[in-house]
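K.L.:
Encoded as structure tokens, here's the structure I'll be asking about.
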Amino acid sequence: MMLSKNLTQSLLRYTSNGAITKNASSRGFHTSKVLLAGGPSTPINYPSLEIPNAGETQKMNLFQAINNAMDISLRTDEKACVFGEDVGFGGVFRCSVDLRNKYGAKRVFNTPLCEQGIAGFAIGLAAQGATAIAEIQFADYIFPAFDQIVNEAAKYRYRSGGQFDCGSLTFRSPYGAVGHGGHYHSQSPESYFAQTPGLKVVMPATPIEAKGLLLASIRDKNPVVFFEPKLLYRSAVEDVPIGDYEIELGRARIVQEGSDLTLVGWGAQMKVLMQAAQMAKEKLGLSIELIDLRTILPWDVECVEKSVKKTGRLIISHEAPKTGGWAAEISSAIQERCFLHLESPIQRVCGYDTPFPLIFEKFYLPDHLKNFEAIKKSINY
Amino acid sequence: MNSSTYCKGTGHSSSKQDFLRGYASKSGDIQVKFNKFDTYLCDGPANQTTTNKDELMTFFTDMTKMRRIETVADQLYKKKLIRGFCHLYNGQEAVCTGMEAAITKEDHVITAYRDHTFMMARGATPKEILAELLMKSTGCSKGKGGSMHMFTRNFYGGNGIVGAQCPLGAGIAFTQKYNNTGNVCLTYYGDGAANQGQLFEAFNMAKLWDLPCIFICENNKFGMGTPQKRAAAGDDFYTRAHYIPGIKVDGMNVLAVKTAGKWAADWCRAGKGPLVMEMDTYRYVGHSMSDPGTSYRTREEVNNVRQIRDPIEYVRKLILDNKCATEDELTAIEDAARVEMDEAAEFAIASPFPEPGELYTNVYKELVPVRAVEMTDTLIVVVNQQGNKQQQQQIKDIILFGGMFIIFILLICLFGPLKNVQHHRSNITAAEQQQQQLR
């Protein structure tokens with residue numbers, strides 16, 4: 001078993017002193033120097049999405065693209081405001097940097113540390129027609145606000161028979177692994193929210209898409225939870241159009257066309273899947289179709305269906321634990337629609353059913369090796 | 001921002017710290033007077049206390065060790081041996097130390113994520129604290145928790161979400177009342193967490209049922225990077241609970257903290273219900289290691305507090321003025337603390353990381369099949385080994401339980417009706433089923 005070998009190797013790497021810190025340090029997450037300086041960025045080997053009539057572009061990393069989207073929103077929509085913990089001075093990830101200087105403290109402001117309050121406040125604000133862009137500092141902190149988002153925001157329109165809504169509301173929140181975030185700075189809570197009709201859940205994978213999807217989310221007439229892959233804030237860099245553009249919600253992106261197997265993911269996991277797909281091409285000569293779901297709810301079932309009918313094989317991968325993760329929903333829906341087209345069982349390559357670990361993060365994550373092994377298993381079935 | 005605001009201390013009329021008006025009596029007692037407490041719905045204790053050489057030396061030693069362990073943690077973090085999040089306590093030592101001196105080890109303590117020094121105060125060793133920081137198996141949480149998740153006897157962590165520990169504190173206090181233990185629960189939170197809704201839910205329950213819970217707001221003036229004034233509509237945290245009496249304490253003065261803490265614990269033990277204590281204190285360092293702590297305040301402000309209100313320097317001055325010890329003796333204590341912490345750091349560095357199988361333990365009480373590990377053969381071996389151990393233990397349990405069951409049946413046949421048998425039979429069946437599942 002090649003994977004066991006690889007795992008054993010990674011295990012050895014992991015348990016021997018020093019190596020773990022070496023790897024983790026290269027990410028530069030949460031070190032003051034990097035935070036202050038704006039951070040070094042390494043280009044990713046991942047195809048940029050082409051935006052038609054994009055016009056002028058500028059090199060941006062993901063947090064700059066997010067910042068740019070909020071800048072455009074504040075500029076073009078006088079009812080827009082941005083708020084959250086420490087957002088006034090730029091936020092812990094610098095996403096709102098300079099916005100307060102540009103648009104004033106009345107529109108870009110700090111809140112106290114009170115997630116439930118932030119969420120409820122945002123709903124009230126949006127119900128009055130304002131464009132509320134609320135930040136929850138980490139997706140792990142969103143749970144105190146869970147009731148407000150799931151019970152109040154998501155059902156506002158339905159329970160008032162369409163008289164009231166908070167559609168102009170967007171929650172932004174950084175999610176996912178960063179190398180050493182531990183239990184409360186690493187989780188991926190998308191499927192908790194994705195089981196809530198009335199909400200939209202969006203997770204971008206690149207700066208260009210982050211900008212377009214965030215602008216679409218802000219302008220969408222439904223409450224949107226927008227999870228940003230914090231691992232990519234600095235490491236993902238692209239030439240992002242500086243103009244105003246949107247990317248339609250609910251539409252997946254076929255990142256790479258292929259004929260042998262369909263690989264579905266979203267957010268930071270896309271880079272991992274691209275790596276696995278490249279590995280499968282080099283080592284096994286396989287042509288992998290790579291799909292970025294981008295919108296988790298409502299998800300683009302037609303796109304995945306079409307792809308699976310072509311390839312006959314499907315693997316879905318996410319960082320969140322396997323049981324009850326969004327991959328389960330995709331797997332179920334696709335077998336309902338594509339049963340007779342399937343050449344092998346649909347596989348899920350996900351986080352383990354454990355709390356997100358501190359010391360065991362590298363074991364826990366569904367890395368490219370685990371995905372590669374799943375590809376092999378699917379093909380050899 | 002007016003930096004002198006933070007230098008004055010509670011109710012100071014001048015910016016000079018009137019350190020002590022103490023004198024040593026023949027018995028060795030030292031009378032110390034400090035600033036008056038601000039109180040709410042209560043009278044509070046007198047603003048003076050009696051201390052002695054032993055107590056002062058203990059305070060000095062304990063706080064010196066706390067400062068030192070945080071310094072070592074800072075170094076280890078900068079060497080990238082500590083990963084994840086790390087929040088240091090520098091400047092606030094008097095709160096933790098004074099309150100611990102006011103209670104017994106049978107009382108209970110819960111706090112948020114700035115928890116290293118609380119561990120020491122509760123009796124944990126520097127070795128297990130630093131090992132936990134380095135995610136080593138010798139750490140207090142087996143290396144699985146890290147900086148924010150430390151636990152020891154009667155210390156309930158170590159909680160990562162702002163304000164989430166407050167209702168837990170009320171629950172722990174309820175148990176004390178229910179079981180009539182006479183113990184209290186100290187529930188710590190910061191001025192940032194004071195704006196969380198959960199705290200007010202806890203206040204209400206605690207007062208509704210008159211629980212022996214002391215809510216302690218460590219007001220270090222900043223909720224992460226936001227100054228208290230910009231986050232809180234009112235800056236009197238000791239009056240915040242409306243119907244719960246409160247007291248504001250100079251949190252940089254360990255004797256004031258201890259005096260107020262003793263008074264508060266007595267209040268709770270007397271069955272008078274909860275209290276809120278606001279500790280006027282200051283954090284010298286940033287919110288966490290990623291925050292240099294200088295972008296939202298001036299270095300001058302921090303230095304002023306260090307010079308005028310430092311809790312360790314206050315005790316040092318008391319000791320020297322009352323001739324309890326010489327400068328050299330105090331230096332020796334500092335050197336000993338340095339050696340102890342360096343040794344603890346070496347121990348932590350040399351300790352192994354936890355076994356990979358630990359990823360799956362402590363998720364549930366039982367070792368349950370962990371999904372998504374189907375392909376990880378190496379790890380499954382570890383899990384199986386542990387599973388076997390557990391299985392063997394369970395077999396032992398079953399034999400023991402079965403034996404007891406037979407004796408029980410015999411006793412019942414001899415002495416009484418069979419009314420409880422059905423219930424016990426179902427327990428056996430459940431245990432058997434569990435066995436089968438494990439197979």
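The values are calculated or read from the model by the stated rules, or taken from the named source; none is laboratory data. Keep in mind that this is a model prediction, so the values were computed, not measured. We place every Cβ from the backbone using ideal geometry, glycine too, and count neighbours over all the protein chains shown. Accessible surface is based on the protein model in full, side chains and every heavy atom, while ligands, DNA and RNA are left aside. Shrake-Rupley method; radii C 1.70, N 1.55, O 1.52, S 1.80 Å.
K.L.:
Kindly rank A:335-344, A:62-71, A:316-325 from highest to lowest mean number of other beta carbons found within 10 Å of each residue.
P.N.:
Numbers: A:335-344: 13.9, A:62-71: 25.7, A:316-325: 22.5.
Ranking the peptides A:335-344, A:62-71, A:316-325 by packing returns A:62-71, A:316-325, A:335-344.
K.L.:
Take every residue in peptide B:81-87, count the Cβ atoms of other chains within 10 Å of its Cβ, and give the average of those counts.
P.N.:
Values: counts 3, 2, 13, 15, 8, 1, 0.
Whole-number average of other-chain Cβ neighbours for B:81-87 is 6.
K.L.:
Mind ranking A:D244, A:D220, A:D165 by accessible surface for me, highest first, 1.4 Å probe? Intermediate results must be reported in sequence, preceding the final value.
P.N.:
Details: A:D244 85, A:D220 25, A:D165 50 Å².
The residues order as A:D244, A:D165, A:D220, largest area first.
K.L.:
Ok, one more. Before rounding to the nearest 500, sum -39500 (n - 2.57) across all DSSP H runs of length at least 4 in chain A and divide by the residue total; then give [θ] at 222 nm in deg cm²/dmol. Present the calculation step by step, with values, prior to reporting the outcome.
P.N.:
On the way: 15 runs with 142 residues, N = 381.
Rounded to the nearest 500, it is -10500 deg cm²/dmol.
K.L.:
Sticking with this structure for a sec: Mind running the shape call on the range B:189-321? Use the C-alpha gyration tensor, a ≥ b ≥ c as the square roots of the eigenvalues: rounded below 1.5 for a/c, prolate if a/b tops b/c, oblate otherwise. Intermediate values should be presented prior to the final figure.
P.N.:
Details: a/c = 2.86, a/b = 1.31, b/c = 2.18.
Oblate is the answer for the range B:189-321, as a/c is 1.5 or above yet b/c matches or exceeds a/b.
K.L.:
Also, I was wondering about something else. Work out the FRET efficiency for B:D74 and B:E366 from their Cβ-Cβ distance, taking R0 = 51 Å, and round it to the nearest 0.05.
P.N.:
Once rounded, the FRET efficiency stands at 0.80.
K.L.:
Which lysines have a Cα lying under 18 Å from the Cα of A:K106, excluding residues fewer than 8 positions away in the same chain?
P.N.:
Result set, ordered by chain and number: A:K79, B:K229.
K.L.:
When a/c is below 1.5 the answer is rounded, else prolate if a/b is larger than b/c, else oblate, so apply that to the range A:253-380 with a ≥ b ≥ c taken from the square roots of the Cα gyration tensor eigenvalues.
P.N.:
On the way: a/c = 1.64, a/b = 1.23, b/c = 1.33.
Judged from the Cα gyration tensor, the range A:253-380 comes out oblate (a/c at least 1.5, b/c at or above a/b).
K.L.:
Once you order the gyration tensor axes a ≥ b ≥ c over the Cα atoms, which shape class does chain A get: rounded for a/c under 1.5, otherwise prolate or oblate by comparing a/b with b/c?
P.N.:
Values: a/c = 1.66, a/b = 1.37, b/c = 1.21.
It comes out prolate by the Cα gyration axes.
K.L.:
At what distance in angstrom do the alpha carbon centres of the range B:250-277 and the range B:112-161 lie from each other?
P.N.:
Answer, in whole Å: 25.
K.L.:
Here's a follow-up. Might you report the magnitude of the Cβ-based charge dipole of the range B:156-293 about its Cα centre, with Lys and Arg at +1 and Asp and Glu at -1, to the nearest 20 debye?
P.N.:
Details: 12 positive and 11 negative charges, 40 e Å.
Value, rounded to 20: 200 debye.
K.L.:
Using only atoms on other chains, find how many Cβ atoms lie within 10 Å of each Cβ of peptide B:151-163 and report the average.
P.N.:
Details: counts 0, 0, 0, 0, 0, 0, 0, 0, 1, 7, 8, 8, 5.
Partner-chain Cβ atoms within 10 Å, mean over residues of B:151-163: 2.
K.L.:
Probe radius 1.4 Å, ligands and nucleic acids ignored: give me the carbon and sulfur share of the accessible area of chain A as a rounded percent. Mind dumping the intermediate values first?
P.N.:
Values: 7400 of 14500 Å².
Carbon and sulfur atoms account for 51 percent of the accessible area of chain A.
K.L.:
The range A:153-190 to the range B:199-221: how many Å between their Cα centroids?
P.N.:
About 29 Å separates the Cα centre of the range A:153-190 from the one of the range B:199-221.
K.L.:
At R0 = 45 Å, how high is the FRET efficiency between B:E329 and B:D236 if r is their beta carbon distance? Nearest 0.05 is fine.
P.N.:
Numbers: r = 41 Å, r/R0 = 0.91.
After rounding to 0.05, the efficiency reads 0.65.
K.L.:
With heavy atoms of protein chains only and a 1.4 Å probe, what residues of the range B:175-200 have at least 50 Å² less accessible area in the full set of chains than alone?
P.N.:
At a threshold of 50 Å² (probe 1.4 Å), the residues of the range B:175-200 that become less exposed are B:Q196.
K.L.:
So what is the accessible area of the range A:57-241 per residue, in Å², with the probe set to 1.4 Å? Can you show the working numbers first?
P.N.:
Values: 5700 Å² over 185 residues.
Accessible area per residue: 31 Å².
K.L.:
Which pairs in the list A:K370/B:K79; A:K200/A:K377; A:K322/B:K127; B:K105/B:K258 are over 25 Å apart, alpha-carbon to alpha-carbon? Intermediate results must be reported in sequence, preceding the final value.
P.N.:
Numbers: A:K370/B:K79 31 Å; A:K200/A:K377 34 Å; A:K322/B:K127 36 Å; B:K105/B:K258 15 Å.
Beyond 25 Å between Cα atoms: A:K370/B:K79; A:K200/A:K377; A:K322/B:K127.
K.L.:
Chains A and B: buried accessible surface, both sides, probe 1.4 Å, rounded to 100 Å²? Mind dumping the intermediate values first?
P.N.:
Working: alone 16660 and 21500 Å², together 33790 Å².
The A and B chains share an interface burying roughly 4400 Å².
K.L.:
Mind listing, in residue-number order, the residues in the range B:219-243 that have at least 50 Å² less accessible area with every protein chain present than in their own chain alone (1.4 Å probe)?
P.N.:
B:M224, B:T226
K.L.:
Starting from 0.36 nm per residue, how many nanometres of slack lie between A:E248 and A:K377 once their C-alpha separation is accounted for? Intermediate results must be reported in sequence, preceding the final value.
P.N.:
Details: separation 129, 0.36 × 129 = 46.44 nm, distance 3.45 nm.
My answer for the length gained is 43.0 nm.
K.L.:
Say R0 is 56 Å: what FRET efficiency, to the nearest 0.05, do A:Q58 and B:E346 get from their beta-carbon distance?
P.N.:
On the way: r = 50 Å, r/R0 = 0.89.
Rounded to the nearest 0.05, the efficiency is 0.65.
K.L.:
Suppose the Debye formula is applied to equal point scatterers at every Cα of the range B:4-350; what is log10 I(q)/I(0) at q = 0.07, 0.11, 0.13, 0.14 Å⁻¹?
P.N.:
Treating every Cα as an identical point scatterer, log10 I(q)/I(0) equals -0.27, -0.69, -0.99, -1.16.
K.L.:
Also: Order of A:204-216, B:330-342 by packing, highest average Cβ count within 10 Å first? Walk me through the numbers on the way to the answer.
P.N.:
Values: A:204-216: 27.2, B:330-342: 15.9.
Result, highest mean Cβ count within 10 Å first: A:204-216, B:330-342.
K.L.:
Provide a whole-number value for the mean count of partner chain Cβ atoms within 10 Å of the Cβ atoms in peptide A:174-183.
P.N.:
If you average over the peptide's residues, the count of other-chain Cβ atoms is 3.
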